[in-house]
1. Using a simple spin-label model with points 7 Å from Cα along the Cα→Cβ vector, what separation in nm is obtained for residue 246 and residue 40?
2. Ranked highest first by average number of other Cβ atoms within 10 Å, how do 56-69, 110-123 line up?
3. Between residue 138 and residue 160, what length in nm is gained on full extension when 0.36 nm per residue of separation is reduced by their alpha carbon distance?
4. So how much slack lies between residue 58 and residue 235, counting 0.36 nm per residue of separation and subtracting their Cα-Cα distance, in nm?
């Protein structure tokens with residue numbers, strides 16, 4: 001496996017961790033793992049979600065168990081979560097409720113880290129199968145996540161439970177971003193590949209693909225939109241008007257793209273397949289999730305968190321030749337939107353020395369005692385003020401999101417100290 005590069009001159013891992021903004025008490029997660037589908041059940045999704053929860057609550061991350069919501073679709077063969085972690089059934093209603101709560105929970109502060117993880121079946125629907133769509137709206141596909149109680153083609157006697165389409169999920173993410181900021185990471189270990197079964201490699205004994213049966217009934221898409229809009233209709237502005245466009249509109253555009261709402265890390269691209277296999281201890285796991293957790297644990301030990309893009313590049317290729325996908329305007333930021341604090345600490349230590357030296361060099365000009373400068377002479381030429389102006393300029397001009405975020409932390413250091 002490819003390892004993350006490590007700076008040989010860097011301090012030990014423990015030291016590096018102290019120089020990073022990773023506060024487990026400002027980290028929240030909704031982890032979803034579903035095995036017990038009525039059709040095409042899976043075996044490793046619950047195990048993956050529980051393992052992700054264990055990673056987050058470990059000492060290296062320090063996320064409190066009550067900051068994690070586990071939604072599981074279990075049967076008698078799947079493992080149970082460890083004590084202290086809340087667990088509920090991964091029904092459609094529960095999934096949407098927990099996601100919407102991320103934007104309304106008063107305990108979650110603006111700028112907190114929010115992680116949404118899903119392991120289970122993905123599905124794909126074709127826009128051409130929706131009668132209301134005409135060209136160009138009838139082009140392309142609609143991707144969806146499958147809840148444990150999905151029953152999109154039930155008989156008239158049974159209640160039809162549709163999947164959660166990408167448009168509904170995107171709108172929810174936009175609302176979370178609006179109220180809690182853009183520090184949102186979405187990880188999907190499922191696939192939405194419509195034609196990926198062509199030339200599919202031979203699966204091993206017990207291996208399974210996390211892709212639900214493709215459906216083309218027009219009412220399936222219609223009811224999926226209707227279920228989504230029923231919940232999204234609760235999102236209104238101060239004047240009582242709907243905050244977001246109808247997800248069934250032919251000209252619908254991804255709301256989250258406008259708001260730079262999240263970083264998406266997916267097990268595979270639209271043409272790939274997400275696979276689960278039998279591993280050690282006679283337990284099943286997702287190939288992508290296992291590789292991901294290994295890299296996350298490795299990065300934590302090294303003390304150098306990679307960017308989302310670098311993390312995707314380091315993940316091992318699966319036997320199905322699927323490649324992880326990473327999207328989002330902040331994908332080049334370090335994992336969990338962290339920034340290295342070493343430059344900040346350096347500014348705090350070096351700035352007083354620079355300022356004192358500047359005052360010493362200019363003491364003859366102002367006639368004051370050594371080390372003092374009249375308040376009236378504290379102009380833009382002062383090193384602290386000049387540095388602050390440069391940081392303001394850089395924060396708005398640079399295209400590097402990590403430096404922009406770092407600037408926000410450095411500016412108060414200069415502003416809070418006397419000249």
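1. Those two pseudo-labels are separated by 3.1 nm.
2. For the peptides 56-69, 110-123, the packing ranking is 110-123, 56-69.
3. Details: separation 22, 0.36 × 22 = 7.92 nm, distance 2.40 nm.
That pair, residue 138 and residue 160, stretches by 5.5 nm at full extension.
4. The residue 58-residue 235 span can extend by a further 60.2 nm.
Each value in this text was obtained by applying a stated rule to the coordinates, not by laboratory testing. Only a predicted model underlies this, so the values are computations on that prediction, with no experimental measurement involved. A quick note on method: Cβ atoms are made from the backbone with ideal geometry, for glycine too, and the neighbour counts reach across all protein chains shown.
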